[in-house]
Amino acid sequence: MKPLEDLLIIDFSQFLSGPLAGLRLADLGARVIKVEKKGEGDLSRTRYNSNLDLNGASSIFHSLNRNKESFEADLKNQEDLDKIKDLIKQADVVIQNFRPGVFERLGLGYEVIKNLNPKIIYAEVSGYGEIQSWKNKPGQDLLVQALSGITDLTGNATDGPVSMGLAVADIFAGNHLTQGVLAAVLQRAIKGVGCKIQVSLLESIFDLQFEMLTTYFQDGGADTIRTETNNAHAYLGAPYGIYKTENGYLAIAMASIPQLGLLLNCEPLLDFEQPAVWFSKRNEIKGILANHLLSRTTDYWLGCLEPADIWCAEVLDWKGLIKKNGFKELGMIQEVKMTDGFTYQTTRCPITIDSVNFRSGIAAPHLGENTKAICKEFNL
């Protein structure tokens, strides 16, 4: 039995952050009914810049919406809206990530929903929360990254702003929303009350930078300075970074510079004995280390460092990773099937409870494929 079985979630969200929360809750056993716009559905079905179509929908839609049901509705149509309201009366959680004010104009704001179902858990994701200055900006991941300061942390000093290679604001907002829903479910079980949960992409990406922001405000607001080469963390000293070797790349985390000098037979590193200079002279140290590591293969350097318990790792791409036993042993990939028989591979839930990995072979739904069955079951 999964921990959230018998929890009914009505999910109005689209694209990434809200659907990610719905996916994680579904992984843990909740029943998630995805309400989609009639004739169009979740915009991520088609409006996503990917070169891969999976049975009529984008790869991101399939990756985020497995193990859910699709209910097709026109929220501007009174008959459909009445059905949705009747469904909400029987639900535990509502998730939405419309732009500010849209859900209210549709007649489904928090106060309306709370009147329909006083114990409802109402979960909302927005781009910028309720701050007046930016509330009407598009709540899109790259734009939030651009505003948040995080683009000043990745890449080398001369690279200019660099965005993360993932939709980190969306992903963290989705996970924060999941945390909020789980806390609210526990509160309702104890106190018998519902609540309104609000998460924004901007606050989530600020929270992602908790370490850097704490440092920034304590050191007098000094500029963020990335290293000239091999930067991996703007607030850590050498050797922290990724280095090219004779045949690949090697990542080295925190380590004593003189110890590295001995283990790697790199005599110039022995001069940097004091830990304080590992930060103040990190450009010089990284330059020496980078040149030295070019002379041998990644496996050779791992053979020097790993036996001494130096924190290091080879750098893998997807092709290299999936060949590794460690990746195979995790069993992170599962095959799921749509109702028309189409199958594809995707990730499983990353959470293990009582030594059990939660899996489900149910793939993402076709648009509206569960509408009739849901109407009959809930007497809509």
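If the condition is being of a type in the set (Asp, Glu) and surrounded by fewer than 24 Cβ atoms within 10 Å (Cβ to Cβ), then the stretch 1-31 contributes Glu5, Asp6, Asp27. Whether any residue in the stretch 179-188 is among the basic types (Lys, Arg) and closer than 21 Å to Arg31 by Cα is what I want to check. Checked the stretch 179-188: at least one residue is among the basic types (Lys, Arg) and closer than 21 Å to Arg31 by Cα.
Per-residue answers, yes or no, for (1) surrounded by 16 or more Cβ atoms within 10 Å (Cβ to Cβ); (2) without any contact (Cβ under 8 Å) to a residue 24 or more places away in the chain; (3) charged (D, E, K, R):
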| residue | (1), (2), (3) |
| --- | --- |
| Gln90 | no, no, no |
| Pro100 | no, no, no |
| Ile121 | yes, no, no |
| Met164 | yes, yes, no |
| Gly180 | yes, no, no |
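Only helices (runs of 4 or more DSSP H) whose full extent lies in the stretch 281-366 are considered here, and the ones with at least 1 residues that are within 28 Å of Asp27 (Cα to Cα) are 318-321, 325-330.
For the stretch 332-341, filtered to residues that are under 12 Å from Gly361 (Cα atoms) and among the charged types (D, E, K, R), the residue that is surrounded by the fewest Cβ atoms within 10 Å (Cβ to Cβ) is Glu335.
Residues in the stretch 239-257 that are within 14 Å of His292 (Cβ to Cβ) and not small (Gly, Ala, Ser): Pro239, Tyr243, Lys244, Thr245, Glu246, Leu250, Ile252, Ile257. Scanning the stretch 98-119 for residues being basic (Lys, Arg), in a helix (DSSP H, G or I) and in contact with a strand residue (DSSP E or B) (Cβ under 8 Å, 6 or more places away or on another chain) gives a total of 1. Residue count for the stretch 217-268 under the criterion of being surrounded by fewer than 20 Cβ atoms within 10 Å (Cβ to Cβ) and aromatic (Phe, Trp, Tyr): the result is 3. When Gly155 is tested against (1) modelled with pLDDT of 95 or more; (2) farther than 19 Å from Leu20 by Cβ, exactly one condition is not met: (1). If you filter the stretch 325-351 down to residues that are touching a Phe, Trp or Tyr at 6+ places or on another chain (Cβ under 9 Å) and among the basic types (Lys, Arg), you find that the one that is farthest from Thr178 (Cα to Cα) is Lys337. When the stretch 232-280 is filtered for residues that are of a type in the set (A, V, I, L, M), part of a helix (DSSP H, G or I) and either touching a Lys or Arg at 6+ places or on another chain (Cβ under 7 Å) or within 22 Å of Glu314 (Cα to Cα) (or both), the ones remaining, listed by number, are Ile257, Leu260, Leu262, Leu263, Leu264, Leu269.
Matching residues to (1) over 25 Å from Met164 (Cα atoms); (2) assigned by TED's automatic domain parsing to the domain that holds Leu166; (3) out of contact with any helix residue (DSSP H, G or I) (no Cβ under 8 Å at 6 or more places or on another chain):
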| position | (1), (2), (3) |
| --- | --- |
| Leu106 | yes, yes, no |
| Lys114 | yes, yes, yes |
| Lys119 | yes, yes, no |
| Ala123 | yes, yes, no |
| Gly127 | no, yes, no |
| Gln132 | yes, yes, yes |
| Lys137 | no, yes, no |
| Leu143 | no, yes, yes |
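Residue pairs whose Cβ atoms lie under 8 Å apart, separated by 6 or more positions or on different chains, with the first residue in the stretch 231-243 and of a type in the set (S, T, N, Q) and the second surrounded by fewer than 21 Cβ atoms within 10 Å (Cβ to Cβ), are Asn231/Thr154; Asn231/Gly155; Asn231/Asn156; Asn231/Ala157.
Pairs are defined by a Cβ separation below 8 Å, a sequence spacing of at least 6 or placement on different chains, a first member in the stretch 364-375 that is farther than 20 Å from Glu335 by Cβ, and a second member that is hydrophobic (A, V, I, L, M, F, W, C) and in a loop (DSSP other than H, G, I, E, B); the pairs so defined are Ile374/Leu380. The set of residues in the stretch 120-173 that are assigned to a helix (DSSP H, G or I) and either among the hydrophobic types (A, V, I, L, M, F, W, C) or closer than 30 Å to Gly192 by Cβ (or both) comprises Leu142, Leu143, Val144, Ala146, Leu147, Ile150, Ala157, Val168, Ala169, Ile171, Phe172, Ala173.
Checking each residue in the stretch 228-244 for being at pLDDT 90 or above and either assigned by TED's automatic domain parsing to the domain that holds Ser163 or farther than 25 Å from Cys304 by Cα (or both) picks out only Glu228. Against the conditions (1) hydrophobic (A, V, I, L, M, F, W, C); (2) assigned by TED's automatic domain parsing to the domain that holds Leu25; (3) not in a loop (DSSP other than H, G, I, E, B), Val193 satisfies every one except (3). Residues of the stretch 308-331 that are at pLDDT 95 or above and surrounded by 14 or more Cβ atoms within 10 Å (Cβ to Cβ): Ile310, Cys312, Ala313, Glu314, Val315, Leu316.
The values are calculated or read from the model by the stated rules, or taken from the named source; none is laboratory data. Only a predicted model underlies this, so the values are computations on that prediction, with no experimental measurement involved. When we count neighbours, we look across all protein chains shown, and the Cβ atoms used for this are built from the backbone with ideal geometry, even at glycine.
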